[in-house]
1. Of the conditions (1) closer than 30 Å to Gln9 by Cβ; (2) modelled with pLDDT of 95 or more, Phe72 satisfies every one except a single condition; which number is it?
2. Which condition breaks for Ser128 when tested against (1) exposed (fewer than 14 other Cβ atoms within 10 Å of the Cβ); (2) within 26 Å of Val39 (Cα to Cα); (3) not charged (D, E, K, R)?
3. Is there a residue in segment 16-32 that is surrounded by fewer than 15 Cβ atoms within 10 Å (Cβ to Cβ), at pLDDT 95 or above and not in a strand (DSSP E or B)?
Amino acid sequence: MLIKCNSEQSLYCVEHGEGRQAYGSCLGYEYAFKRARAVAQWAGQPVPNANLIGTPEGYQEYQAIMAYGQAFALARNQRCTAELTPQLIGLEGQRVEVVDQYDERRRFIVGKSTGWLPCHLEIKTKRSTGGACVSGAPFKSIKIVG
C-alpha cells in the first residue's frame, strides 16, 4: 500500500503489513520505472507511462506490471532476466574480481537469487549462506580469479 510520494527525495514510501507486523520501505521513482519497463518488455506488454513517474498512479502501474510479470513467469515456468547483471551472466559460481563504475575493486563469488525475478549476488566466501545484490555495474573490468 502506497503511503506517499516523497518528491524531495524521489521516493515512493510504502507500508507493508498491518499492526505490530507493519514496516515501511522506500522505492526510488526512476528505479521503479526502469524495473517495470524491463519486466513489461520481457513479458511482451506495453511499457509504463513515463509521465506517471513519481505519482500514486505511477506506483499503481509499477505494481500492476510486477504482478503481471510474476504471473507470466509462473505460467510459463520461466524466470525474468531483467534484474540480472548482463556482464555476469554465465559466470554464476565463479570467483571474480571486478572494478566497478566507481573504480572500486571487489572480489566475490557470483551467485543468483531465487524467484521469478532473480538478481546476481555478491557471495563473499564458499562458506557464506547468501549475499547482497551486485552493485556498481556496469563494470570497468571483470577477471575470473579462481
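1. (1)
2. (2)
3. There is at least one residue in segment 16-32 that is surrounded by fewer than 15 Cβ atoms within 10 Å (Cβ to Cβ), at pLDDT 95 or above and not in a strand (DSSP E or B).
A quick yes/no check of all residues on (1) within 23 Å of Phe33 (Cα to Cα); (2) in contact with a His (Cβ under 9 Å, 6 or more places away or on another chain); (3) touching a residue at least 12 places away in the same chain (Cβ under 8 Å):
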position: Val98; (1), (2), (3): no, no, yes
position: Arg106; (1), (2), (3): no, no, yes
position: Thr114; (1), (2), (3): yes, no, no
position: Pro118; (1), (2), (3): yes, no, yes
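The values are calculated or read from the model by the stated rules, or taken from the named source; none is laboratory data. Worth saying up front: this structure is predicted, and the values here are computed from it rather than measured. Positions of Cβ are generated from backbone atoms using ideal geometry, with glycine treated the same way; all protein chains shown enter the neighbour counts.
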